[in-house]
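The values are calculated or read from the model by the stated rules, or taken from the named source; none is laboratory data. Worth saying up front: this structure is predicted, and the values here are computed from it rather than measured. Cβ: placed from backbone, ideal geometry, glycine included. Neighbour counts: every protein chain shown.
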Amino acid sequence: METLIDLDLSALWVSVRLATITVLVLLIVGTPLAWWLAHTTSRLRPIVEAAVALPIVLPPTVLGFYILVALGPHGPLGQLANLSLAFTFTGLVIASVFYSMPFVIQPLQSAFEAVGKAPLEAAWSLRASPWDAFLTVISPIALRGYISAIVLGFAHTMGEFGVVLMVGGSIPGQTRVLSTTIFEHVEVMEYAQAHAISAVMLAFSFLVLLVVYITNRRFPIHVS
């Protein structure tokens, strides 16, 4: 029989794995979207920006409910995968990508807006390919945005509760994360265990914000 420590360590591993995969997916998907939002003149920009920011104001249970329906056997994503993705780790990743989207895309968008297009156009004039120019010119200048996006996206995913509980439940070793573990400890009045995990997450959240503020001071975006 698993001990409480084993269960908590298992939840920690699931949380870290979920946050890592979510941030990687959002960096891949969010970088081109953030660049487009930073420089487009399309009339669709306010609509896309509102959709990206929606998880900030939308109650997590509402977002989790609609994602749960979409991932179910009769939902569009469930039918596309030909199986129900609800209450699976894959389903949690999909839900987390939507839930943490603004915390990755918005810092990148702000960084790209500060950089502007001038460095990219200068690199093009020296015959650099678009991909090479973005990697070697734009990305280093926008480093602050990338650091903030990674740190905030990771921390926000680590602290998920409402979306996780709706979409993944709390299956040990699969979908049980630290936030749901705290809730379960409180339910059975194991306050010492809940306090220990909560204190760690409190310290982690403070360090995350400290890293972001230090990064903003040490890596200002300068564009010549």
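Overview of values
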read-out	value
Residues of the stretch 128-153 satisfying the condition of being in contact with a Ser or Thr (Cβ under 7 Å, 6 or more places away or on another chain) and either crowded, with 23+ Cβ neighbours inside 10 Å or among the β-branched types (Val, Ile, Thr) (or both)	Gly145, Ile147, Ser148, Gly153
Index of the failed condition, Pro107 passing every other in (1) of a type outside the set (A, V, I, L, M, F, W, C); (2) touching a Gly at 6+ places or on another chain (Cβ under 8 Å); (3) modelled with pLDDT under 90	(3)
Which listed residue is assigned to a helix (DSSP H, G or I), farther than 29 Å from Gly78 by Cβ and without any contact (Cβ under 8 Å) to a residue 24 or more places away in the chain, from Ala199, Ala149	Ala199
Unmet requirement for Thr40, which otherwise passes all of (1) over 25 Å from Arg17 (Cβ atoms); (2) exposed (fewer than 13 other Cβ atoms within 10 Å of the Cβ); (3) out of contact with any helix residue (DSSP H, G or I) (no Cβ under 9 Å at 6 or more places or on another chain); (4) not small (Gly, Ala, Ser)	(3)
Residue that is touching a Ser or Thr at 6+ places or on another chain (Cβ under 7 Å) and within 21 Å of Phe161 (Cβ to Cβ), where the choices are Leu58, Leu92, Leu85, Leu63	Leu92
Residues of the stretch 88-104 satisfying the condition of being within 21 Å of Gly173 (Cβ to Cβ) and of a type outside the set (Gly, Ala, Ser)	Thr88, Phe89, Thr90, Leu92, Val93, Ile94
Residue identified as without any contact (Cβ under 8 Å) to a residue 12 or more places away in the chain, within 30 Å of Val208 (Cβ to Cβ) and buried (at least 17 other Cβ atoms within 10 Å of the Cβ) among Ala86, Ala70, Ala95	Ala70
Qualifying residue in the stretch 28-39 (condition: part of a loop (DSSP other than H, G, I, E, B) and either closer than 30 Å to Ile197 by Cβ or modelled with pLDDT of 95 or more (or both))	no
